[in-house]
Amino acid sequence: CVVGYSGGKELNPTYRSIKDHTEAVLIEFDPSTISYEDILLEWSRMHTPTYTRKCQYRSAIWHLDDEQQSTAKQVLTGMKAASRGDQIYSDLEPATRFYRAEEYHQNFMQKQARGRHY
């Protein structure tokens, strides 16, 4: 996985000048090992998009083709059904250019864990 910015039109966003982009994760995967649907289902278990957020932190799925779009719609429909009436705020959009975030954002959780002693 690589963290970065996507979904906007402005060129070369950074954390300090994210402009109209959203913080995003680019996942490259081997579909013979894990399906796109399984990735989205795991995302849906770890993620609760039940309130609106500013553009930088909004919930979004970017799809590469019609098949991914259809799969993502099914997962979002399942999330809505399981939400017990809560509104789901998650956008579904065609993929746009992805900009890699600064190095200090890469593997952020691992970097944070290194500084902790239990």
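The values are calculated or read from the model by the stated rules, or taken from the named source; none is laboratory data. Everything numeric in this text was worked out from a predicted model, so none of it was measured. Cβ placement follows ideal geometry from the backbone for every residue including glycine, while neighbour counts extend to all protein chains displayed. Just so you know, the surface numbers come from the protein's heavy atoms only, side chains and all, with ligands and any DNA or RNA stripped out. Shrake-Rupley method; radii C 1.70, N 1.55, O 1.52, S 1.80 Å.
When restricted to residues that are open to solvent by 80 Å² or more (accessible area, probe 1.4 Å) and of a type in the set (A, V, I, L, M, F, W, C), the range 60-91 contains 2.
Suppose the filter is over 22 Å from Gln106 (Cβ atoms) and of a type in the set (Gly, Ala, Ser); does Ala60 pass it? Working first, answer last.
Working: over 22 Å from Gln106 (Cβ atoms): no; of a type in the set (Gly, Ala, Ser): yes.
Taking the combined requirement at face value, the residue does not satisfy it.
Checking each residue in the range 1-21 for being under 23 Å from His47 (Cβ atoms) and open to solvent by 50 Å² or more (accessible area, probe 1.4 Å) picks out Cys1, Tyr15, Asp20. Ala24 meets the conditions (1) outside any loop (DSSP other than H, G, I, E, B); (2) open to solvent by 90 Å² or more (accessible area, probe 1.4 Å) in every case but one. The failed one is (2). From the residues in the range 39-59 that are among the charged types (D, E, K, R) and part of a loop (DSSP other than H, G, I, E, B), which one is most open to solvent (accessible area, probe 1.4 Å)? Filtering the range 39-59 for residues that are among the charged types (D, E, K, R) and part of a loop (DSSP other than H, G, I, E, B), the one most open to solvent (accessible area, probe 1.4 Å) comes out as Lys54. Looking across Thr71, Thr96, Thr14, one residue alone is in contact with a Phe, Trp or Tyr (Cβ under 6 Å, 6 or more places away or on another chain) and outside any strand (DSSP E or B). It is Thr71. The residues of the range 12-28 that are within 19 Å of Pro94 (Cβ to Cβ) and either touching a strand residue (DSSP E or B) at 6+ places or on another chain (Cβ under 7 Å) or modelled with pLDDT of 95 or more (or both), listed by number, are Pro13, His21, Thr22, Glu23, Ala24, Val25, Leu26.
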